[in-house]
Amino acid sequence: MPQNLSIVSCAMSPDYMHVRVQDPNDALAAVGCQVQTYSKNVSIPRLWPKNSIRIIVIQRAIFDRNTAMQILRLAFERDLLIVHEFDDHPDLLPPNVRQRFMSEMGLEMFEACHGVQTSVPMLAETFKKQNSFTAAFGNQIYRYPLTPKQESSNVRLLFGALNRRDAWAPLMDTFNAVIAKHNEVQVTVLQDQDFFHTLATSNKRLLQTPNYDDYLNAVLENDIVLMPLNETPFTACKSDVKFLEASICGAATIASPTIYKDTIVHGETGYIADTPDEWAVGLEKLITDTAYRQRMARNANRYVRENRMLMQHIHKRVDWYKELWENRAVINQRLRAQFPEAAS
């Protein structure tokens, strides 16, 4: 890995962005790259290490044209790369965010930079319409709880996702019916108050997880993770990271086929359930068959450790940055022609 790759990471929307921002930065530093991080502002240094590959990575940028052109002008003057990190489809942003995004640079933002990085191939194909130098770096696992899972006489069940009502509401009668048969089931809900209040059991608790480590520790405390997900344009842009997080924490998962069927080996590393009947059968099996549940959790944990750890993949990001750097003359020629106000 190169010692002369210098990265300034500017996270404009840093909350719960460990997997996309903080963890890759830590991994890049671990392989010898120099990384500086800033939160909610863009900082472009004047001085860089001698003969370094110089990159500014801006996460979730929503800039007016003057700001975008000023950043690009500085990139020309100081011979560095501007890379935009964007992990959402622009058409599927929350209405207030999309309105702001489109009223500023909009999609042209992805043209006014050297490259775009994202998380899934579908998003990469979207951004390639604006910028051919676009790469998808899949979400991987870098950090995990350092303490072992505590044994319990209860079967601990977790639901830990927001904005999934359309997926869980049609299954709530199923969840309640299965849970009602088992006094040993204890349910933990992270964040989602509607899901919590709809659960027809008194053996439940609602937790707020203010940071990522708290979230992982909450996952670690549970045996089974519920991951219902509808197939929509929005979910098609999501990754399988919740399965990875559950697996690295030693939990078994039961999940919808959307997204997860491409990762989970049904019955081996997780349980895929589509219809309410399939969810009922799968959840019952995971609750009552301890050996089956624990074997599935071990298999999933092994899959993540052998295939989905960030340090096994971080070289792809480094290689892409080097490719961008080697092509910067051609890219700059395109940028100067397209945005002459930044070249003056």
In whole percent, and with a 1.4 Å probe on the protein chains, what portion of the accessible area of the chain is carbon and sulfur? 48 percent
Which value in Å is the Kirkwood Rh of region 192-258 over different Cα pairs? 13.4 Å
Once amide H atoms are built 1.01 Å from N in the peptide plane, which residues 5 or more positions from Q186, or in another chain, come under 5 Å H to H? V155, R156, L157
Could you pull out every residue, at least 5 positions away or on a different chain, whose amide H is within less than 5 Å of the one on F137? Hs are placed 1.01 Å off N in the peptide plane, and Pro or chain starts have none. T118, S119
Could you state the principal axis extents of the C-alpha atoms in region 61-175, from the largest down, to the nearest angstrom? 64, 35, 23
In whole Å, what is the distance between the alpha-carbon centres of region 136-160 and region 215-249? 10 Å
Can you work out the FRET efficiency for the pair N96 and N163, with r the C-beta to C-beta distance and R0 = 22 Å, to the nearest 0.05? 0.90
Provide the percentage of antiparallel DSSP beta bridges, counting only those with both residues in the chain; round to the nearest 5. 0 percent
Any of K149/K204; K261/K322; K238/K322; K149/K316; K238/K316; K40/K238 with alpha carbons more than 22 Å apart? Name them for me. K261/K322; K238/K322; K149/K316; K40/K238
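Explain nothing, just the number: dipole magnitude of the chain about its Cα centre with +1 on each Lys and Arg Cβ and -1 on each Asp and Glu Cβ, in debye rounded to the nearest 20.
Here the size comes out at about 940 debye.
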With each label point set 7 Å from Cα along the Cα-Cβ vector, what nm distance links Q191 and Q333? 4.6 nm
Dividing the surface of the Cα convex hull of region 272-336 by four yields a projected area in nm² of 8.0 nm²
Scalar couplings 3J(HN,Hα) for region 53-59 by Karplus 6.51 cos²θ - 1.76 cosθ + 1.60 (θ = phi - 60°), nearest whole Hz, x for Gly and Pro, are 7, 10, 9, 9, 9, 10, 8
Among rounded, prolate and oblate, which fits region 1-146 when a ≥ b ≥ c are the square roots of the eigenvalues of its C-alpha gyration tensor, a/c under 1.5 means rounded, and a/b larger than b/c means prolate? oblate
Restricting attention to the alpha-carbon atoms of region 1-57, what are Rg (one decimal) and Dmax (integer), both in Å? 11.3, 34
How much net charge surrounds Q34 when only the other residues with a Cβ under 12 Å from the Cβ of Q34 are counted, with Lys and Arg +1 and Asp and Glu -1? +2
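State the three equivalent ellipsoid semi-axes of region 220-344, derived from the C-alpha gyration tensor as the square roots of 5 times its eigenvalues, in descending order and whole Å.
Whole-Å semi-axes of the equivalent ellipsoid: 42, 18, 10.
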Which length gain, in nm to one decimal place, applies between S39 and E125 when the Cα-Cα distance is subtracted from 0.36 nm times their residue separation? 28.2 nm
Decide, for region 117-167, between rounded, prolate and oblate: order the square roots of the alpha carbon gyration tensor eigenvalues as a ≥ b ≥ c, take rounded if a/c falls under 1.5, and otherwise choose prolate if a/b is larger than b/c, else oblate. oblate
Helix axis angle, 314-326 relative to the chain longest principal axis, alpha carbon, degrees: 20 degrees
Three-way shape call for the chain based on the alpha-carbon gyration tensor, with the a/c threshold at 1.5: prolate
Between T209 and F234, what is the label-point separation in nm under the 7 Å Cα-to-beta-carbon projection? 2.0 nm
Residue with peak Gaussian network fluctuation, the chain [Cα springs, cutoff 10 Å], from N222, N176, N301: N176
Whole-Hz ³J(HN,Hα) from phi, Karplus 6.51 cos²θ - 1.76 cosθ + 1.60, for region 171-185, glycine and proline x: 9, 5, 4, 5, 4, 5, 5, 5, 4, 4, 7, 9, 5, 7, 7
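The values are calculated or read from the model by the stated rules, or taken from the named source; none is laboratory data. Being a predicted model, the structure only gives us computed values, none of them experimental. Here Cβ is always computed from backbone atoms with ideal geometry, including for glycine, and neighbour counts include all displayed protein chains. Heavy atoms of the whole protein, side chains included, go into the accessibility calculation; ligands, DNA and RNA do not. Shrake-Rupley method; radii C 1.70, N 1.55, O 1.52, S 1.80 Å.
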